[in-house]
Amino acid sequence: MSQENMNNNAQHYLAEFDQFQETVERDWFSEQRQSALKLFIETGFPSSRLENWKYTDVRPIAKQSFSNVSTTTSITTEEIDAIRFQDIDCYELVFINGVYSKEHSRLDGLTENIVIENMADALAKDKDLLEKHLSQYADNNVSPFTALNTAFIQHGTYINVPKNTVVDKPINILYLSKDNAQPLATHPRNLVIMGEHAEATLIENYIGLDDANYFTNVVTEVSLSTASILKHYKIQQESVNAYHIGNLNVTQGKDSLFKSHSISLGGSLVRNDIYGQLAAEGASIVLNGLYMTDGKQHVDNHTRVDHLKPNTHSTENYRGVLNGKSRGVFNGKVVVHPQAQKIEAHQNNANLLLSDDAEIDTKPELEIYADDVKCSHGATVGQLDKNMLFYLRSRAIDEDTARSLLTYAFVNEIISDISLVPIKNRLEHLIIGQLPDAELIREFTNE
Amino acid sequence: MLEIQNLHTKIGDKEILKGLNLSIKAGEVHAIMGPNGSGKSTLANVLAGRDGYEVTQGSVEYEGKDLLELAPEERAWAGIFLAFQYPVEIPGVNNVYLLKAAVNAIRKNRGEQELDAVEFLALIKDKMKLVKMKDDLLSRSVNEDFSGGEKKRNEIFQMAVLEPKLAILDETDSGLDIDALKIVSEGVNSLRNEERSIILVTHYQRLLDYIKPDYVHVLSGGKIIKSGGPELALELEEKGYDWIVKDDKGENEAA
Ligand SMILES: Nc1ncnc2c1ncn2[C@@H]1O[C@H](COP(=O)(O)OP(=O)(O)OP(=O)(O)O)[C@@H](O)[C@H]1O
Ligand SMILES: [Mg+2]
């Protein structure tokens, strides 16, 4: 096995694929699956010799022979109710160990012209539309994980919002992972097509139960037509023993807006990639992110925004809080192409190291090939501010609480920008819950 | 109440306090004046428990206990309050919630019932009037984007709410306009009582017109080199520090 091609598990994936093919219909997509698998087998898992994977070693994923067969695909109503957003009225799709659960999903009341459905159903009946869009925005050549996902496309979410339509409620997708007979690999595939002037809010939730060991390999493709708006939330709470690779690909038309909040809290080894293509004038992308790690977690966030046309805007603000022996990676790349004049691109990454053994590698990158542009980027890595700590302690606040408070204040910079209140509340709850003196801190944030 | 004996402190290799003695009884107001860099803020910080200072000699007793052993928050629970020369901005931490947490932390550690929201609001309403504190400052982050004077006023407001036994005011008067100086001084005066002691660090006699100290000390070169009554401040205002500092050097050389 060469270093560049560490697909020591090629046989395993070939066998898995054969087995998988028997379970799905031979159809218009079969050929694409096969070529994607071929590509994956040839390239193998990415080695950390590749610039793009320099700080993230995926051998723990490559080594394991994850199964593609879900043995557990049910969940009790009590279990799911504990997980759902109770205070948010939304369309909801539930997947258990990668498999769509019609029973728990809630799509009633949906206007007829809007499509929100399981990808497997869409594949079977919406050939014409899907052919135009599926696998058109995510490039199998960019990441072997995307190729692997494409080979195994089955369950996932297909959303089509026709022009001039506003989806009246947020769309919430729950990907739940539980213990499985054999450690499971799932390859959720989401496709979101937004027509002209269409608007929607989409939440992708990844939640691990039972401290299960599994591998989520998700690919989301988004196509935004003229003046459409998609607000996108990704909340990653995989189990402590889980691997999560996520690839989000957005192609934007004229005056469209994509606003993303990517919150990474769980997982043992996590990689989130976002690719934004500002392919027409006036397109804007806002990328906000937060990662909080502890123990031996490894969380890598890579983003790349291509300003392909003039008057496009990108703003990125990611914050990380790293504790224990955890490791974070941030790489934010902005490429301003030659014809893209009068663009604006701003990028910031701030990190808080709470322990001596936590580490972060941060690299904001700007590549500018146009001359009339407004760009800025910056990255900081620091500890809690000593003067602030002393000030709080001199005001009778004990040291642990003071630390928690300052940590939360740091994180809140990202959370406070979330306009969907139930999500904000849930995140606050989750994050504060991890800090000492949660009750007291909660008070500070009530207003 | 406070007994400082032969206090020597270092920051890194630099000795800053060099044998400081000071004794304060309950109810007394002591003004500490002295040239820039003489160690006034260092003394204030050491009393409040900021780390980075190494005490190499001497002792500090507060209410009969060794103060230097206590963490900053324990000192606050025991009734010590420092109004900072440079109050710290803390983005994202709400001013009024900090105060409520502070009040309740102190009460809890004294075995008193914590205040609920209603009781707390009643308490701060009163104190806000005392220092004419603007409403909107309360709901903002601690000191964030406050003007210099607003920060100082916020310190005194906190002091009024926390009702310390020993308050150390480090140049609270600098940065205040004339009206604010009056208001803040009145606030401080109204908190004066037989149990509460106050250390006023200042450069200006003007403050002492409003808050009459029982004693005035001159801190220079890390020591208190002269002490007297309020009249000493007037003399300093007129003659500066040179005459005492020279005197002191003379004494040192003679000794
Ligand atoms: N962290 C530090 N590291 C090194 N030297 C310090 C530090 N903090 C204070 N000093 C030095 O200690 C000396 C005393 O400083 P201090 O702030 O106590 O003076 P001060 O009397 O309060 O002065 P001012 O009237 O200007 O406020 C100064 O020479 C100062 O430069
Ligand atoms: Mg000073």
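The values are calculated or read from the model by the stated rules, or taken from the named source; none is laboratory data. Please read these numbers as outputs of a predicted model, since none were measured by experiment. Using ideal geometry, Cβ is built from the backbone for each residue, glycine included, and neighbour counts are taken over all protein chains shown. Note: accessible area is taken over every heavy atom of the protein model, side chains too, but ligands, DNA and RNA are not part of it. Shrake-Rupley method; radii C 1.70, N 1.55, O 1.52, S 1.80 Å.
List of remarks:
- Remark: segment A:22-95 carries a charge dipole of roughly 720 debye about the Cα centre, counting +1 on each Lys and Arg Cβ and -1 on each Asp and Glu Cβ.
- Subtracting the Cα-Cα distance of residue A:59 and residue A:131 from their residue separation scaled by 0.36 nm leaves 22.5 nm.
- Cβ-defined net charge surrounding residue A:384, 12 Å radius [Lys, Arg +1; Asp, Glu -1]: 0
- Distant-in-sequence amide contacts of residue A:346, defined by a placed amide H-H separation under 5 Å and a gap of 5 or more residues or a different chain, comprise A:314, A:315, A:316, A:376.
- Accessible surface of chain B, 1.4 Å probe: 47 percent of it comes from carbon and sulfur atoms.
- Considering only beta bridges that DSSP places wholly inside the protein assembly as shown, some 15 percent are antiparallel.
- Per-residue ellipticity at 222 nm computed for chain B from its helices equals -12500 deg cm²/dmol, with DSSP H segments shorter than 4 residues left out and the rest contributing -39,500 (n - 2.57).
- Estimated FRET transfer efficiency when R0 is 25 angstrom, pair residue B:23-residue B:107 (beta carbons, to 0.05): 0.25
- Contact order, relative form, for segment A:16-166: 31 percent (alpha carbon pairs under 8 Å, 6 or more residues apart, mean separation divided by residue count).
- Inter-chain Cβ neighbour count for B:94-102, averaged per residue, equals 5 (cutoff 10 Å, partner chain atoms only).
- Label point at residue A:438 placed 7 Å out along Cα→Cβ; residues across segment A:77-111 whose backbone nitrogen lies under 20 Å: A:79-88
- Accessible area buried, both sides summed, chains B and A with 1.4 Å probe, Å²: 2200 Å²
- Gain upon complete extension [residue A:417, residue A:371; 0.36 nm per residue less C-alpha separation]: 13.4 nm
- Contact order relative to length of chain A, as percent, for alpha carbon pairs under 8 angstrom and 6 or more apart: 9 percent
- Put a dot 7 Å past the Cα of residue B:214, heading toward its Cβ, do the same for residue B:3, and the two dots end up 1.6 nm apart.
- Integer Hz, Karplus 6.51/-1.76/1.60 couplings in order for segment A:52-63, x for Gly and Pro: 5, 10, 3, 9, 10, 9, 9, 4, x, 7, 5, 5
- Under 5 Å from the amide H of residue B:19 lie the amide H atoms of B:7, B:8, B:9, each residue being 5 or more positions distant or on a separate chain, with H modelled from the backbone and absent for Pro and chain starts.
- For the residues of B:82-91, the average number of beta carbons from a partner chain within 10 Å of their own beta carbon is 4.
- Phi angles across segment A:266-273 convert, under the Karplus curve 6.51 cos²θ - 1.76 cosθ + 1.60 with θ = phi - 60°, into 3J(HN,Hα) values of x, x, 9, 10, 10, 9, 10, 10 Hz, Gly and Pro given as x.
- Computing FRET efficiency as 1/(1 + (r/R0)^6) for residue A:108 and residue A:28, where r is the C-beta to C-beta distance and R0 is 35 Å, gives about 0.70.
- Counting Cβ atoms of other protein chains within 10 Å of each residue's Cβ and taking the mean over peptide A:381-392 gives 5.
- Take the protein assembly as shown with all the other protein chains still there, run a 1.4 Å probe, and you get 41 Å² of accessible area per residue.
- Electrostatic dipole magnitude of segment A:386-447 [Cβ: Lys, Arg +1; Asp, Glu -1; Cα centre; debye, to 20]: 120 debye
- Membrane-span-like helices of chain B, defined as complete DSSP H segments with a Cα extent of 27 Å or more along the helix axis and a mean Kyte hydropathy of at least 1.0, are absent.
- Equivalent ellipsoid dimensions for segment A:339-447 as semi-axes, Å, which come from the Cα gyration tensor, largest first: 33, 19, 12
- Neighbourhood charge, 11 Å Cβ-Cβ cut-off, centred on residue B:85 and excluding it, Lys, Arg +1 and Asp, Glu -1: -1
- Cα-centred dipole magnitude for segment A:3-280, charges only on beta-carbon of K, R (+1) and D, E (-1), debye, nearest 20: 700 debye
- For the pair residue A:240 and residue B:66, a Förster radius of 30 Å applied to the C-beta separation gives a FRET efficiency near 0.10, rounded to the nearest 0.05.
- Integer Hz, Karplus 6.51/-1.76/1.60 couplings in order for segment B:192-202, x for Gly and Pro: 5, 7, 5, 9, 9, 9, 9, 10, 10, 8, 8
- Distances between placed amide hydrogens fall under 5 Å for residue B:173 paired with no residue 5 or more residues away or on another chain.
- Lysine pairs in segment A:309-399 whose alpha-carbon atoms fall under 15 angstrom of each other, counting only those eight or more residues apart or on distinct chains, come to 4.
- Net +/- balance of residues flanking residue A:109 in space, Cβ distance below 12 Å, scoring K and R +1, D and E -1: -3
- Since only A:100, A:252, A:267 are under comparison, the one whose Cα sits farthest along the positive direction of the charge dipole of chain A, derived from C-beta charges on Lys, Arg, Asp and Glu, is A:252.
- Cα centroid separation, segment A:240-287 to segment A:387-447: 26 Å.
- Chain A, helix-only ellipticity at 222 nm - DSSP H runs n ≥ 4, -39,500 (n - 2.57), divided by all residues, nearest 500: -7000 deg cm²/dmol
- Average Cα contact separation per residue, segment A:386-447, under 8 Å, 6 or more apart, as relative contact order %: 32 percent
- Pair residue A:19, residue B:192: separation of 7 Å Cα→Cβ label points (nm): 8.6 nm
- Global form of chain A, assessed from the alpha-carbon gyration tensor, a/c cut-off 1.5: rounded
- Peptides B:39-49, A:126-136 ordered by packing proxy, namely the average of other Cβ atoms within 10 Å per residue, highest first: B:39-49, A:126-136.
- Extending 7 Å from Cα along the Cβ direction at residue B:165 and again at residue B:57 yields two label points whose distance is 2.9 nm.
- Label-zone membership for segment B:2-29, site residue A:386, 7 angstrom Cα→C-beta point, backbone N under 15 Å: B:10-14
- Separation of segment B:85-123 from segment A:136-161 is 52 Å, based on Cα centroids.
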